[in-house]
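The values are calculated or read from the model by the stated rules, or taken from the named source; none is laboratory data. Here the structure is a predicted model, which means the values were calculated and not measured. Glycine also receives a Cβ, built like all others from the backbone with ideal geometry; neighbour counts cover every protein chain displayed.
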Amino acid sequence: TFDYTTDDPGGVYIWATPYTDGSHTPYGSYAASGLLPAYAGSGSRYISPQSGPVEVDQLRFTMTNADGSVTYLEFFIDVSYGYGAPPNDTNPWPFCTAGFFPQHMPDSYTGEVVLGDLNPTTIPPEVQGVYWYDCSTSEWKFWAPGVPGTTLTTLGGGHTYNYMVSVTGSCDWDIPLP
């Protein structure tokens with residue numbers, strides 16, 4: 001939980017991201033920032049390394065304007081959060097509620113998950129779609145379970161591919177890593 005102040009009448013976004021040994025935490029995920037009201041308020045963020053064992057030793061806080069073009073504040077705080085089980089052959093994407101959430105595959109994963117090869121019975125019914133912005137074409141690509149004509153066909157590893165996932169409720173999606 002944090003308190004903030006800003007002079008920007010358009011509001012701000014505030015992100016908290018987990019770091020380990022000076023880099024983004026492997027298998028780390030974090031809560032999306034909604035647009036926070038202008039002038040002052042409070043908020044909270046969660047982080048959730050999705051596999052381990054891993055030690056989060058810093059949190060990076062970033063405050064930007066409403067369109068993300070100006071970074072007002074960026075700083076790190078030292079923490080000590082340990083997370084349990086070792087990596088396995090699936091990548092868990094947990095969702096605590098309905099919404100649109102940022103996700104990525106593990107930084108160490110160099111393969112590709114072919115979305116059309118996923119067993120439909122392993123995809124939670126709450127998962128409505130996965131979206132990825134392709135900077136080379138300036139277009140959004142999407143995949144939705146059982147929907148023909150989707151333009152996103154694979155999930156790539158690490159932060160090169162940051163995805164947005166739409167879910168209708170709380171669920172855990174364990175994506176097999178070939």
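Data overview
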| quantity | calculated |
| --- | --- |
| All positions within segment 65-87 that are modelled with pLDDT of 90 or more, outside any loop (DSSP other than H, G, I, E, B) and surrounded by 13 or more Cβ atoms within 10 Å (Cβ to Cβ) | 65, 72, 76 |
| Residue 124 vs. criteria assigned to a loop (DSSP other than H, G, I, E, B), on the phi < 0 side of the Ramachandran plot and under 17 Å from the mean Cα position of the chain (by Cα) | no |
| Residue selected from segment 141-151 under the condition among the hydrophobic types (A, V, I, L, M, F, W, C) and over 20 Å from residue 90 (Cα atoms), by the criterion modelled with the lowest pLDDT | 147 |
| Qualifying position, being touching a residue at least 40 places away in the same chain (Cβ under 8 Å), polar (S, T, N, Q) and crowded, with 17+ Cβ neighbours inside 10 Å, among 29, 33 | 29 |
| Candidate set: segment 88-117, residues that are over 24 Å from residue 32 (Cβ atoms) and part of a loop (DSSP other than H, G, I, E, B); chosen: the one modelled with the highest pLDDT | 111 |
